[in-house]
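Comments concern the structure below.
Just so it is clear, none of the values below were taken in a lab; they were calculated from the coordinates. Bear in mind that the values here come from a model prediction, so they are computed numbers and not experimental data. No Cβ is skipped: glycine too gets one built from the backbone with ideal geometry, and neighbour counts run over all protein chains shown.
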Amino acid sequence: MLLEELLKIEGFSLIKGDPATVISSVEFDSRKCAAGSIFVAIKGFTSDGHEYIKAASMNGASAVLIDSSRDQERFSVEKILEQVTHDIAIVETSDTRTALGTVSQAVYDHPEKKLDIAGITGTKGKTTITFMLRSIMEAADVSTGLVGTVVNIAGGQKIKAEHTTPESSDLYKMMKDMVDAGDKALIMEVSSQGLKLDRVFGIGYKVACFTNLYEDHIAPNEHPDMEDYFRSKLKIFDSCETGIINSDTPYKDAAAEYAKGKCDVLFYGTEADADIRASSIEHYSEGSESGSIFELTSPWYKGQVKIALPGRFNVSNALCAISCAGVMGVPFEAVKKGLETAHVPGRMQPVPNDMGISVIVDYAHNAAALENVLSTVREYALKRIICVFGCGGNRSRTRRFEMGEVSGRMADLTIITSDNPRSEDPLAIINDIVTGIDPTGGIYETKPDRALAIKYAISIAEPGDVVIIAGKGHEDYQIFADRTIHFDDVEVARVALDEVKEERQ
């Protein structure tokens, strides 16, 4: 499109350049700029995009969008003109962060209007719900894109996910790719940062969901307190047709109060007054597979539902996915088929074997998540629960004490190992976990090498035992102070199972 079309947007003014400049892409990263790019200079937590205008220009950007609230002394128009290396158009607006979405909408031909979009926010459950819902949509023969923590999918093609919710320019470009590939719907995880920093600015949701809230993202560069965290999550209801709220969370009333008047509101959960409700919940096991069966009552469907993931928290996740499917008009048969076959990488993911040992990989990386997993497994474990986990470096120390306490209290044996130590000493992290586990009297061993810890847990497991490998889930890397290596818990467990089986024969 031509720059003059962007200049028709209210609040955009041309400082210098040719209105007939052709714009074909939108970038906030100067390294990705090329001829036809408009570089949007955003002020971030730790850096200011105006510092990279020269780099964007050197990489061939055709236009730059600057923020009128920038540091006028450091980034005056005169100084910006001194930085550019060729005849580049300069446009000014009052808020480049929201403008990044506005410009992306225009340049990529409003893909958000061509997709039925479901957005899921909350501390826990987002990834599982999006995979469940996509499985349902695909069972209904609706080609569906996905944006989230584990992977992005456009037109059936998987794309590595860098952030739970990408910056708006990347998101709109991805949505355009989905539309071009024939996708009709989009299921997306919407992080609190994505909402707070307007990464989803301009997107209208056919249905938007709030799952729950836990103290996971209270940090200087995330949220200063729970109020800010909750308020950021609630922004998802500002631009949706139907809001779905978990009736089993203590935040339900406050969430509903915010959403009412902005959208229609429905509740899902196990409470009797929930609009979408599960009752008569039972666990089932079939070989290495396990899950839940329950009776569903909802405005659209009524009957028995089977899900291929165990635990009451996954029943809750399924109810959220069902709620979205109902709003989106999906037939009940597709809902049942999709949930019965849905699997999520690194979320209660079984590692099949014929040794009678249940090996499960899960992303649980805090105390609440680990307690959910262990309590779920306790419902069907025939013998011992062996829990293998570590904690990440450069993260909250409190999490280490809490996870140690949970595993010491709930597992029969804990193998404490390394996770992503980053710049910290792995042994210091392990010692913090030991501090949490010691008062419980729980039996534990320490094995810093994660691969050896996993093999050891499997080697001592007997038929009927459950080995939980927690903390990394879908991650396929391990970060140390001086290097990052490939490391996939599922792959390592498979190798260990083969080796142990051979050793036992």
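So for the stretch 478-491 (the condition being crowded, with 23+ Cβ neighbours inside 10 Å and under 17 Å from ILE429 (Cα atoms)), does at least one residue qualify? Talk me through it step by step, then tell me what you get.
Just the residues of the stretch 478-491 that are crowded, with 23+ Cβ neighbours inside 10 Å, to begin with: 489.
After this cut, where a residue has to be under 17 Å from ILE429 (Cα atoms) as well, the list is none.
Scanning the stretch 478-491, I find no residue that is crowded, with 23+ Cβ neighbours inside 10 Å and under 17 Å from ILE429 (Cα atoms), so the answer is no.
What's the number of the only condition in (1) touching a His at 6+ places or on another chain (Cβ under 8 Å); (2) not in a loop (DSSP other than H, G, I, E, B) that VAL373 fails to meet?
The one condition VAL373 does not meet is (1).
Among the residues of the stretch 173-180, are any surrounded by fewer than 24 Cβ atoms within 10 Å (Cβ to Cβ) and of a type in the set (Asp, Glu)?
Of the residues in the stretch 173-180, the ones surrounded by fewer than 24 Cβ atoms within 10 Å (Cβ to Cβ) are 173-174, 176-177, 179-180.
Okay, now just the ones that are also of a type in the set (Asp, Glu), so 177, 180.
So far as the stretch 173-180 goes, yes, one or more of its residues are surrounded by fewer than 24 Cβ atoms within 10 Å (Cβ to Cβ) and of a type in the set (Asp, Glu).
Would you point out which residue out of LEU213, LEU266, LEU234 is assigned to a strand (DSSP E or B) and either touching a residue at least 24 places away in the same chain (Cβ under 8 Å) or more than 30 Å from THR46 (Cβ to Cβ) (or both)?
Working: LEU213 fails: assigned to a strand (DSSP E or B); LEU234 fails: assigned to a strand (DSSP E or B).
Answer to the check: LEU266.
Go through the stretch 43-70 and report how many residues are in contact with a helix residue (DSSP H, G or I) (Cβ under 8 Å, 6 or more places away or on another chain), surrounded by fewer than 20 Cβ atoms within 10 Å (Cβ to Cβ) and either among the β-branched types (Val, Ile, Thr) or assigned to a strand (DSSP E or B) (or both).
1
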